[in-house]
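Remarks on the structure that follows.
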Amino acid sequence: MSGRRAAVREKGLLHALGLGLSAGLFAVVVGLALVLIVVPKVAGATPLTVLTSSMEPRLPPGTLIVVEPTAVDEIHLGDVVTYQIESGRPEVISHRVIEVVSSSDGGTAFVTKGDNNSEPDEALVLPEQVRGTLWYSVPWLGFVNQVVNGDARSWIVPLVAIALLGYAGYALAAGLVEAQRRRARARTRKARPAPR
């Protein structure tokens, strides 16, 4: 009898451990989805990955930055601004504004510099180049963002879908097998004669 209790207790511990790990993994996936997809989408922001060391130590390579659209007149000294390297091209840089320059015709431009760079960027940043300012950043999640939104997306998304479907199939099969075992045990107990 004590061997059976030990087996039940061990199964209960393994079951609880499995549930805890599944719940933890689910919470991580939901958290990542919120940070990488939902919050930026709802706010009209753009998740980007820091690829160089120009903004270290605050924004090292691999950091996820979320850039929110910002009106040019709301950009101030010290803001980290994301701008197109060349107007109309998709490549962007995120550097800190170290000077706001006003021209005689009332226009505004920005002098920017990477925190880790010794010199300011060569060219002034014009309003039409600005994509927004840094809203929030999360260390290391940029690598996940690169995988989810980069070239690997074409194979990683189907692979994750297959893995989730496989896990769901396993969980369903395990539940059916366990239900069948319970029914068999219940039938066996009913078939036994009652002790006198």
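A few points about this structure:
- The set of residues from region 86-120 being over 20 Å from ALA45 (Cβ atoms) and either among the charged types (D, E, K, R) or in contact with an Asp or Glu (Cβ under 6 Å, 6 or more places away or on another chain) (or both) comprises GLU86, SER87, ARG89, GLU99, ASP105, VAL111, LYS113, ASP115, ASN116, GLU119.
- Answer from ARG58, ARG96, ARG89 - the residue that is farther than 17 Å from LEU134 by Cβ and either in contact (Cβ under 8 Å) with a residue 24 or more places away in the chain or not aliphatic (A, V, I, L, M) (or both): ARG89
- Residues in region 143-195 that are at pLDDT 80 or above and part of a loop (DSSP other than H, G, I, E, B): 0 in all.
- Verdict on LEU34 being surrounded by 11 or more Cβ atoms within 10 Å (Cβ to Cβ), modelled with pLDDT under 90 and not in a strand (DSSP E or B): yes
- Enumeration of residues in region 61-86 that are free of Cβ contacts under 8 Å to residues at least 60 places away in the same chain and surrounded by 13 or more Cβ atoms within 10 Å (Cβ to Cβ): VAL72, ILE75, ASP79, VAL80, VAL81, THR82, TYR83, GLN84, ILE85
The values are calculated or read from the model by the stated rules, or taken from the named source; none is laboratory data. What you are looking at is a predicted structure, and each value in this text was computed from that prediction instead of being measured. So basically every Cβ, Gly included, is an ideal-geometry build from the backbone, and we count neighbours across all protein chains shown.
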